[in-house]
1. Say we look at the stretch 10-25 and pick out the residues that are surrounded by 16 or more Cβ atoms within 10 Å (Cβ to Cβ) and of a type outside the set (A, V, I, L, M); which of these is farthest from Gly49 (Cα to Cα)?
2. So for the stretch 97-105 (the condition being modelled with pLDDT under 80, farther than 20 Å from Glu28 by Cα and in the same structural domain as Leu24 (by TED's automatic domain parsing)), does at least one residue qualify?
3. I'd like the residue in the stretch 59-75 that is in contact (Cβ under 8 Å) with a residue 12 or more places away in the chain and in a loop (DSSP other than H, G, I, E, B) and, out of all such residues, is farthest from the chain's Cα centre (by Cα).
4. Here is a list: Ala43, Ala22. Which entry is modelled with pLDDT of 70 or more, farther than 15 Å from Asp84 by Cβ, in the same structural domain as Leu75 (by TED's automatic domain parsing) and not in a loop (DSSP other than H, G, I, E, B)?
Amino acid sequence: MAEIVHLDADRPDPEVIRQACALLAAGELVGIPTETVCGIPPALARAFGRPIALTSANKSGEADATHAKEAFECLRNDVSLFLDFGPTQMQTPSTILLCTQTETKNLREDAVPAHESGIKQ
């Protein structure tokens, strides 16, 4: 059963961070609505100690979530734990880039326009 936990981004509850790390280590999904990878709370990134893969917090074709409650309503059957650090500041979906060894392609331009990304296409 999915749950949503409200946290202070500057002082997240260490027990919730441990719970999120345990779920990630077990291959479960943890929802963290944020504008960018930089939005991941440093406490979670440090505690997990491995790369964390991110994707949009919505199902394909549905509206983008700008706060945890929206993501929770959309993905509650697919994600074990949602960490709610409050509404995203930009209220804008993330830009998604596909980066391979041979090309970089802008798949969705939103928060960061292509001309500002520094990526030459």
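1. Checking each candidate, the answer is Pro12.
2. No, because not a single residue in the stretch 97-105 is modelled with pLDDT under 80, farther than 20 Å from Glu28 by Cα and in the same structural domain as Leu24 (by TED's automatic domain parsing).
3. Looking only at the stretch 59-75, we keep the residues that are in contact (Cβ under 8 Å) with a residue 12 or more places away in the chain, and these are 59, 62, 64-72, 74-75.
From what is left, the residues that are in a loop (DSSP other than H, G, I, E, B) are 59, 62, 64-67.
Numbers: Lys59: 13, Glu62: 16, Asp64: 12, Ala65: 10, Thr66: 11, His67: 11 Å.
Applying the filter and picking the extreme gives Glu62.
4. Values: Ala43 fails: farther than 15 Å from Asp84 by Cβ.
Going through Ala43, Ala22 in turn, the sole match is Ala22.
The values are calculated or read from the model by the stated rules, or taken from the named source; none is laboratory data. Everything numeric in this text was worked out from a predicted model, so none of it was measured. Ideal geometry is used to build each Cβ from the backbone, glycine not excepted, and the neighbour counts take in all protein chains shown.
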